[in-house]
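What follows is a short report on a single structure.
The values are calculated or read from the model by the stated rules, or taken from the named source; none is laboratory data. Remember, it's a predicted structure, so these values are computed and weren't measured experimentally. In this analysis, Cβ positions are derived from the backbone assuming ideal geometry, glycine residues included, and neighbour counts consider all displayed protein chains.
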Amino acid sequence: MKHGDAVSERFAALLEEARPPTGGVAFQAIAAEVAPALTLLHELPANERVSGDYESFGFRECFAVLTLLGRRLALLDLTPTSAIQVVLLALRCIGGSEESPSGPFAQHVIAATIEGFVLGREERVAHTAEARASKPLKPLRIDEAAFALIASGVHEPAVLSECVDSLGRAMLNADVEIAIVDLSQLGEPNRERATAVFGADEISRMLGGVCFFTGVDARWKAAAADARIPLDALQIKPDLAGAIAAAHELTGRAAEGRGPKWRALLDRLRR
């Protein structure tokens, strides 16, 4: 058995014995995240850990890995207390296991882990907030003939693209050909966001329908120009009321001449 495997097994045994609260995260998942740090910790001689140059390359490399470990433990949704328990268990299972957890090296280890943990927690909170903000962005049925997507806030292009796809799926499933996309409350226009939201025009056309856009102010016009989107080819109305009125004008018209090209969207819209 390799020594690294023995250290990993010792850590797994200590983790199982200590059983720190993990919020349901499996011990195996934690052990997998800790494994790279165990190797670096073991390679540091015990005497250097007690009174070494913590600014040297070897130590800095180790602390960098521990920072990454702290981030990963935060993304697993461990608490700060549990994260500290995990790294202290890692210290126990390497050579010099009697080293005091209050010693200078252990304190550097804890500091590096918490630094990464804070970064991971911020990342997790941001992801959670983004997911929560994107949930209300669902197509709204205006009447029997139209769906509207009224987005607000600041969202990543991938989120906006998925919202547009959801609009297309709703239109397809309800056999509706009219869409309205309102941008008046959508923040921070740029090329990528413009490509995502104005993609609703292509989807509507492929479904044999039409998309009316509102809230296309100077910022969105600039973003569209940057993305080389020809706004003069789109149906743009000054406000939501105007778009709804235009949609009502089309209500009741026969959908004659609808081509079969909408079927090319089935894989995308029904995935």
From the residues in segment 1-57 that are in a helix (DSSP H, G or I) and of a type in the set (Lys, Arg), which one is modelled with the lowest pLDDT?
-> ARG49
Search segment 4-19 for residues that are farther than 9 Å from CYS93 by Cα and pair each with any residue that is of a type outside the set (A, V, I, L, M, F, W, C) when their beta-carbon atoms are under 7 Å apart and the residues are at least 6 apart or on different chains.
-> GLY4/THR39; ALA18/GLN85
Take segment 58-95 and flag every residue that is within 23 Å of the chain's Cα centre (by Cα) and acidic (Asp, Glu).
-> ASP77
Residue ID - surrounded by the most Cβ atoms within 10 Å (Cβ to Cβ), chosen from residues in segment 20-43 that are without any contact (Cβ under 8 Å) to a residue 40 or more places away in the chain and over 23 Å from the mean Cα position of the chain (by Cα) | ALA31
